[in-house]
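Everything below concerns the one structure shown next.
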Number of protein chains: 2
Amino acid sequence: MMKLAIFGYGNLGRGVEAAISQNKDAELVGVFTRRDPASIKTASGCPVYRESDLAAFKEKIDVLILCGGSATDLPEQTPRFAKEFCVVDSFDTHAKIPEHFAAVDASAKATSHTALISGGWDPGLFSLARLYAQSVLPDGKDYTFWGKGVSQGHSDAIRRIEGVLDARQYTIPVEEALEAVRSGKCPELSTREKHRRECFVVLKEGADPAKVEQAIVNMPAYFADYDTTVHFISLEELKRDHAGLPHGGFVLRNGKTAGGEKHTIEFRLSLDSNPAFTGSVLVALARGVYKHFAKGDYGCKTIFDLSPADLSPLSPEELRAHYL
Amino acid sequence: MMKLAIFGYGNLGRGVEAAISQNKDAELVGVFTRRDPASIKTASGCPVYRESDLAAFKEKIDVLILCGGSATDLPEQTPRFAKEFCVVDSFDTHAKIPEHFAAVDASAKATSHTALISGGWDPGLFSLARLYAQSVLPDGKDYTFWGKGVSQGHSDAIRRIEGVLDARQYTIPVEEALEAVRSGKCPELSTREKHRRECFVVLKEGADPAKVEQAIVNMPAYFADYDTTVHFISLEELKRDHAGLPHGGFVLRNGKTAGGEKHTIEFRLSLDSNPAFTGSVLVALARGVYKHFAKGDYGCKTIFDLSPADLSPLSPEELRAHYL
């Protein structure tokens, strides 16, 4: 039985909590928070503790799952907590992964702990799909499509526009591009050809819809390079129809073997809830961290370093007999 | 540079040979055969040796890739060659994997070699897709669809019918079933609902097409449980339109997280040539065997036991910086 704990109780923390309840070899010791524990009621009824209580849990937690954000929380927290605990995080700032890895690796090795960074689905399962496909088909081209799904960053960018009360942005793969890749055509695709963006916007009273729409569709980096559709809706509609956080996407590789034969490898996720699914991935990865720690393999890992069997609760014998 | 050799030069052996030419960290030492080496001209021009020559290559081969059949070749060859070499095979008789594993593991451990069995795409990449999906979504249901692709076993079964000169059988997933799974409906599907079978048959002179068709569609285990279509064509048409060995398929999992959210994970292969692609997988797995042998990790492995990074020619630093 692996004893898990959660640090940070937002959407992802709740996703991890839900995932732990589905894994018979895992138990949830508690949720740790920087907020006032009395202000939090967990879905599972598990106890909530202050960050300062963690010191008393050194022997009671096998893996601490860090559910903070990549911008400011994890760069500071993961290296710090890796000195006291085995940890897993979902650090997703791709460009800063080497730096984050080095910091966590140093902490974990110095104190003989095992850590894993950048778990989830991208980075995470999508990275796996890319790596396996490239290893198997060295001559080829990769494509990643995201969506249909809610982009929090793009939704936030819309909310910062004057006159906007609330907004939800969906990233949507362009079906024709996806079909071109799937059929093995190995196309060159521009940003605009790969994804389109659909925005549902609630205006503040008196705001000018035309002005807001122009501010959205012309926003550099976020929207200017895409075909963007803007729908103005009421707050009630936003709450009723756009409350979820669905996401997903596609990783494809068009490759050729030496005789000229074409092959396409596709990995697809279709997720009702991004944080619930990400939480489930983190728990499977925590199992891998737990196993590596148990055999004395310390330091920082990524999903590339754990064997597929490491993520499973089943024995190697069961896996060979029934899953190969 | 890993030095690879091939034992058995049929379709799969040629696929491995072609794959080695695409991997800069691999070189092909030679092809070994039970036939007369003078009767074989390799596509790459690499030398061909007798099986008895292998003894002289003990220090010259890092991994020997066994390209024989699962029915009689591999159960005997893999345990035997694992005493002298690191080996990889594509043993695909699912029910006999535990027995084959035990035999290969004993040989490899006794002589400090590393072996990998059951490489390819099913078993192989499809097994990986199932294992990752189950580890991440413990509450769910798996589906595997094969095709569109040529089934050698079913083609052979048709050829054994009186009056049949030659035949090619395609296994085809039923689109409606695939869509039901993809949409997260978690359906119960019968054999007939999942796949249909399409047969292209060349008759011997004077054979009765109606009789042959009945013999095919009513054949127990092979065709009786499927909707089967039979087309009679000329030998010229068979050679012109059905010479390839395309294959592929889909592994899907419909899963639920504890809050009731539905998620679908899909892995898809679309392959112009089954042996060319399988050969490519075996070369990536040989790299993993080579790495495990180098660090003194002996015995028999499967694709479940190698980390994704083990299959890649890139360094862990490169993988983290560019592929995560």
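The values are calculated or read from the model by the stated rules, or taken from the named source; none is laboratory data. Predicted, not measured: the structure shown is a model, and the values here were computed from it. Neighbour counts run over all protein chains shown; Cβ positions are idealised from the backbone, glycine included. Accessible surface areas use protein heavy atoms only, side chains included; no ligands, DNA or RNA. Shrake-Rupley method; radii C 1.70, N 1.55, O 1.52, S 1.80 Å.
Accessible-area rank, largest first, for A:Leu319, B:Leu12: B:Leu12, A:Leu319, with all protein chains present and a 1.4 angstrom probe.
Given the rule -39500 (n - 2.57) for each run of at least 4 DSSP H residues, summed and divided by the residues of chain A, what is its mean residue ellipticity at 222 nm, to the nearest 500 deg cm²/dmol?
About -10000 deg cm²/dmol.
Each Lys and Arg Cβ is given +1 and each Asp and Glu Cβ -1; about its Cα centre, segment B:11-99 then shows a dipole of about 200 debye. The order of B:Met1, A:Met219 by accessible area, most exposed first and with a 1.4 Å probe, is B:Met1, A:Met219. Counting only other chain Cβ atoms within 10 Å of each residue's Cβ, the peptide B:241-253 averages 1.
Toward the positive end of the charge dipole of the protein assembly as shown, about the Cα centre and with charges on Cβ (Lys, Arg +1; Asp, Glu -1), which of B:Pro47, A:Val289, A:Gly163 goes farthest? With unit charges placed on the Cβ atoms, the residue in question is A:Val289. Taking Cβ atoms as reference points and 15 Å as the exclusive limit, the residues near B:Arg287 contribute a net charge of -2, counting Lys and Arg as +1 and Asp and Glu as -1. Taking amide H as placed 1.01 Å from N in the peptide plane, the amide H of A:Thr229 sits under 5 Å from that of A:Arg197, A:Glu198, A:Cys199, each at least 5 places away or on another chain.
Quick one: of A:Lys141/B:Lys239; B:Lys83/B:Lys295; A:Lys24/A:Lys291; A:Lys58/B:Lys301; B:Lys148/B:Lys262; B:Lys3/B:Lys83, which pairs are farther than 24 Å apart, Cα to Cα? As for pairs spanning more than 24 Å Cα to Cα, those are A:Lys141/B:Lys239; A:Lys58/B:Lys301; B:Lys148/B:Lys262.
Distances between placed amide hydrogens fall under 5 Å for A:Phe32 paired with A:Ile6, A:Phe7, A:Gly8, A:Tyr49, all partners being 5 or more residues away or on another chain. Scanning residues 5 or more positions from A:Cys46 or on other chains, none has an amide H under 5 Å from its amide H, with H placed 1.01 Å from N in the peptide plane.
Summing Lys and Arg as +1 and Asp and Glu as -1 over all other residues whose Cβ lies under 13 Å from the Cβ of A:Gln169 gives a net charge of +3. Screening chain B for whole DSSP H helices of 20 Å or more along their axis (Cα) with average Kyte-Doolittle hydropathy at least 0.0 returns B:274-294.
Nearest 100 Å², what total accessible surface is buried between chain A and chain B (probe 1.4 Å)? For A against B, buried area totals roughly 5400 Å². Extension gain, B:Ala221-B:Glu51: 0.36 nm per intervening residue step, less the Cα-Cα distance, totals 57.5 nm.
Once neighbouring chains are kept in place and the probe is 1.4 Å, which whole percent of the accessible area of segment A:28-127 is contributed by carbon and sulfur?
52 percent
Computed with a 1.4 Å probe over protein heavy atoms only, the accessible area of B:Tyr222 comes to about 80 Å².
Here the Karplus curve 6.51 cos²θ - 1.76 cosθ + 1.60, taken at θ = phi - 60°, turns the phi angles of segment A:242-256 into couplings of 9, 7, x, 10, x, 7, x, x, 9, 10, 10, 9, 8, x, 10 Hz, with x standing for Gly and Pro. Taking B:Lys301, A:Lys41, A:Lys3 and ordering them by how much accessible surface each has at a 1.4 Å probe, largest first, produces A:Lys41, A:Lys3, B:Lys301.
Report the calculated FRET efficiency for B:Lys24 and A:Lys83 (r = Cβ-Cβ distance, R0 = 41 Å), to the nearest 0.05. That gives a FRET efficiency of 0.50. For segment B:47-58, the Karplus equation 6.51 cos²θ - 1.76 cosθ + 1.60, evaluated at θ = phi - 60°, returns couplings of x, 10, 10, 6, 3, 5, 6, 3, 3, 7, 9, 3 Hz by residue, with Gly and Pro reported as x. When both bridge partners sit in segment A:11-132, DSSP labels roughly 10% of those beta bridges antiparallel. Note on A:Ser190 and A:Glu176: their simple-model spin labels are 1.2 nm apart, each label 7 Å out from Cα toward Cβ. Bridges between two residues of the protein assembly as shown, per DSSP, are antiparallel at a rate of about 55%.
Look at the dipole of the protein assembly as shown built from charges on Cβ: of A:Ala210, B:Ala221, A:Ala102, the Cα furthest out on the positive end belongs to A:Ala102.
Net charge dipole, chain B: roughly 420 debye, given to the nearest 20, about the Cα centre with Cβ charges of +1 for Lys and Arg and -1 for Asp and Glu. Solvent-accessible area of B:Lys185, all protein chains in place: 140 Å² (probe radius 1.4 Å, heavy atoms, ligands and nucleic acids excluded).
Entry for segment B:75-202 at q = 0.11 Å⁻¹: log10 I(q)/I(0) = -0.60, Debye formula applied to identical alpha-carbon scatterers, no solvent contribution. For segment B:268-324, a/c is not less than 1.5, where a ≥ b ≥ c are the root eigenvalues of the C-alpha gyration tensor, and a/b does not top b/c. That puts it in the oblate class.
Counted residue by residue at 0.36 nm each, then reduced by the alpha carbon distance between them, the extension gain from B:Lys295 to B:Glu99 reaches 67.9 nm. Positive end of the dipole of the protein assembly as shown (Cβ unit charges, origin at the Cα centre): among B:Gly147, B:Gly119, B:Val201, the Cα lying farthest that way belongs to B:Gly119. Hey, any idea what Rg/Rh is for chain B, computing Rh the Kirkwood way over Cα pairs? Looking at chain B, the ratio lands at 1.00. Rounded to the nearest 20 debye, the dipole size of the protein assembly as shown about its Cα centre is 740 debye, using +1 on the Cβ of Lys and Arg and -1 on the Cβ of Asp and Glu. Taking every alpha-carbon pair under 8 Å whose residues sit at least 6 apart, segment A:43-121 reaches a relative contact order of 29 percent.
Start at zero, step by 5 Å, and the Cα-Cα distances of segment A:198-295 spread as 2, 9, 11, 11, 13, 13, 11, 10, 8, 5, 4, 1, 0 percent across the bins.
Counting only C-alpha contacts under 8 Å and six or more residues apart, can you give the relative contact order of chain B as a whole percent?
Value for chain B: 21 percent.
B:Val251 exposes around 10 Å² of accessible area when a 1.4 Å probe is run over every protein chain in place.
The 3J(HN,Hα) values that the Karplus relation (6.51, -1.76, 1.60; θ = phi - 60°) gives for segment B:138-146 are, in residue order, x, 9, x, 9, 9, 9, 10, 10, 10 Hz. Gly and Pro appear as x. The DSSP beta bridges internal to chain A are antiparallel in roughly 50% of cases. Based on C-alpha pairs under 8 angstrom that are at least 6 apart in sequence, segment A:1-152 has a relative contact order of 18 percent.
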